[in-house]
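Beneath this line is the structure, given in structure tokens, with notes to follow.
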Amino acid sequence: MITSNTFTTNLPFRVGSPDSRTGLGSVFAAAVVNREFRNTLLQNPQAALESGYMGQPFLLTAEEHSLLTSIAATSLTDLAQRIMVSQGVGD
């Protein structure tokens, strides 16, 4: 009997999908991997959003941009929690 050692998966994951580079997720991804960006996001969110990350702008809706710049968070966890509350998640 011949068997295959090839790993296969049925996970719905798309590498390089446009959704992975847009919205709040892209901002949080940059903040998680880069301490300098994270500190700027927490201290001066407007400057962080204007600078983008690694030469790429953040593709945020006006609502997302306003939300990020209006929250005075003390940590990335705090920022995420406040965003979730503002969007009615986890009430």
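The values are calculated or read from the model by the stated rules, or taken from the named source; none is laboratory data. Note that the structure is a prediction, hence the values are computed from the model and not measured. In this analysis, Cβ positions are derived from the backbone assuming ideal geometry, glycine residues included, and neighbour counts consider all displayed protein chains.
Things worth noting here:
Here's the yes/no breakdown for (1) at negative phi; (2) modelled with pLDDT of 95 or more:
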{"site": "2", "(1), (2)": "yes, no"}
{"site": "9", "(1), (2)": "yes, no"}
{"site": "16", "(1), (2)": "no, no"}
{"site": "20", "(1), (2)": "yes, no"}
{"site": "37", "(1), (2)": "yes, yes"}
{"site": "42", "(1), (2)": "yes, yes"}
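- The residues in the stretch 44-59 that are of a type in the set (A, V, I, L, M) and either more than 23 Å from residue 78 (Cβ to Cβ) or at pLDDT below 95 (or both) can be counted, and the count is 2.
- Filtered by the rule that a residue be among the hydrophobic types (A, V, I, L, M, F, W, C) and assigned to a helix (DSSP H, G or I), the stretch 41-65 gives 41, 42, 47, 48, 49, 62.
- So residue 26, is it part of a helix (DSSP H, G or I), at pLDDT 90 or above and either aromatic (Phe, Trp, Tyr) or surrounded by 12 or more Cβ atoms within 10 Å (Cβ to Cβ) (or both): yes
- Per-region count, the stretch 71-91, residues closer than 16 Å to residue 23 by Cβ, polar (S, T, N, Q) and part of a loop (DSSP other than H, G, I, E, B): 1
- Hits in the stretch 47-85 (condition: among the polar types (S, T, N, Q) and surrounded by 12 or more Cβ atoms within 10 Å (Cβ to Cβ)): 51, 69, 81
- Hey, residue 68 at pLDDT 95 or above, in a helix (DSSP H, G or I) and within 18 Å of residue 84 (Cβ to Cβ) or not: yes
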